[in-house]
Amino acid sequence: MENIVDIILDAEQIAILTHTSADGDALGSSFGLAFAMEYLGKNVSVFLEEPIPKSLDFLPGQQFVSEYKGNKFELCICLDTSDMTRLGKRADIYSCAQKTITIDHHTTNTMQADGLWIDQRASATGEMVYNLIKALNIEVTRDIAINLYTAIVTDTGGFRYSNTTPESHIITADLLSKDVPFAEIIKRVFDTVSYSKLLLLRKALQNLTMHFNGKVAVSYLLYDDIKSVDAQTDDFEGLVNVGRNLEGVEVSLFLREETKHIFKGSLRANEYVDVAQLASIFSGGGHKRAAGFSSEDNLQNTIDKVLAEIEKVL
Ligand SMILES: [Mn+2]
């Protein structure tokens, strides 16, 4: 972290990036860090691939979001992003920057950087950003606290996932002391469901199948199903958990046809299957109990191949 602090202190213009389909940890970490960089007098911009999802539009710091005009940055900080493909169309901002920093908690991180900080024990990148802000001697303001709280609470599923640690709670306790409206945030990110998401859930349930004596749940959404309900990117969030939460299930696989003939796969495990390992067989990655991959094969082949790999580890 010392190296990262030095690189930050040396730079004037800073770009902050996070992964495509940015979630609570991605956006909360980015905006939280952007406020801290502004406090240090830096010229800071956040570049996103897509518009901010409705469930996260309460996050302060959206004034930092800029449109990329092709300029080169002194420093680019990449957050919560395990590899270059997850930067989408913004990969050049990172590769063209004079200096780079990557801060992430994914076990499968393959990024290269002048300052590389990977901590697999961190429940969220937001935890790491919190520790960085402390190391920079910056006061945690309410705006920073709302962002980092959202980052940690979303990546731990409301402190319910096994990645939750005493450290997550200690950091969150400090954040809550900054008057964070936590009940409203929890309601917004976990309990509020859009009508289009409800329609997708109905379709996903119709497509649900069980395998290996109920140990594996598989579901999917096809491109036309998704188009027909005018789905938002965050409408898919959590659909994989429907299978994971079924009694007796160890692994849940959820596939969605993101663009015609390209499937985005999500894998979740409950107790013992390492889905990061499974996802890596299909050039994906993630965490032990939550991972993802992409497939350009057709639906049935994709399901068959993943099931064959799951069978080996069950
Ligand atoms: Mn994360």
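The values are calculated or read from the model by the stated rules, or taken from the named source; none is laboratory data. None of these values were measured; they are calculated from a predicted model. No Cβ is skipped: glycine too gets one built from the backbone with ideal geometry, and neighbour counts run over all protein chains shown. To get the accessible areas, we keep the full protein, side chains included, count just its heavy atoms, and leave off ligands, DNA and RNA. Shrake-Rupley method; radii C 1.70, N 1.55, O 1.52, S 1.80 Å.
Taken over the range 198-217, the criterion of being closer than 12 Å to E311 by Cα and exposed (fewer than 12 other Cβ atoms within 10 Å of the Cβ) is satisfied by N213 alone. State the number of residues belonging to the range 88-108 that are polar (S, T, N, Q) and at pLDDT 95 or above. The total comes to 4.
Conditions tested, residue by residue: (1) in the same structural domain as A276 (by TED's automatic domain parsing); (2) out of contact with any strand residue (DSSP E or B) (no Cβ under 9 Å at 6 or more places or on another chain); (3) crowded, with 24+ Cβ neighbours inside 10 Å.
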site	(1), (2), (3)
F64	no, no, no
K69	no, yes, no
L75	no, no, no
L87	no, no, no
T100	no, no, no
D104	no, no, yes
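One line per residue, one yes/no per condition, for (1) of a type in the set (A, V, I, L, M, F, W, C); (2) on the phi > 0 side of the Ramachandran plot; (3) not in a strand (DSSP E or B):
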{"residue": "D235", "(1), (2), (3)": "no, no, yes"}
{"residue": "G243", "(1), (2), (3)": "no, no, yes"}
{"residue": "G265", "(1), (2), (3)": "no, no, no"}
{"residue": "S280", "(1), (2), (3)": "no, no, yes"}
{"residue": "S283", "(1), (2), (3)": "no, yes, yes"}
{"residue": "S294", "(1), (2), (3)": "no, no, no"}
{"residue": "D304", "(1), (2), (3)": "no, no, yes"}
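Yes/no per residue for (1) acidic (D, E); (2) away from the ligand (no atom under 14 Å from the Cβ); (3) under 24 Å from P53 (Cβ atoms):
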residue: S66; (1), (2), (3): no, yes, yes
residue: C76; (1), (2), (3): no, yes, yes
residue: L87; (1), (2), (3): no, yes, yes
residue: Q98; (1), (2), (3): no, yes, no
residue: L116; (1), (2), (3): no, yes, no
residue: D155; (1), (2), (3): yes, no, yes
residue: I170; (1), (2), (3): no, yes, no
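If you filter the range 118-135 down to residues that are out of contact with any His (no Cβ under 7 Å at 6 or more places or on another chain), assigned to a helix (DSSP H, G or I) and of a type outside the set (K, R), you find that the one that is farthest from the ligand (Cβ to nearest atom) is A135.
A Cβ distance below 6 Å, combined with a sequence gap of six or more or placement on separate chains, defines the contacts here; from the range 218-235, residues that are under 19 Å from L267 (Cβ atoms) reach residues that are open to solvent by less than 30 Å² (accessible area, probe 1.4 Å) and β-branched (V, I, T) in the pairs V218/I303. Only one entry of I146, I138 meets the criterion of being touching a residue at least 24 places away in the same chain (Cβ under 8 Å), surrounded by 24 or more Cβ atoms within 10 Å (Cβ to Cβ) and more than 16 Å from the ligand (Cβ to nearest atom), and that entry is I146.
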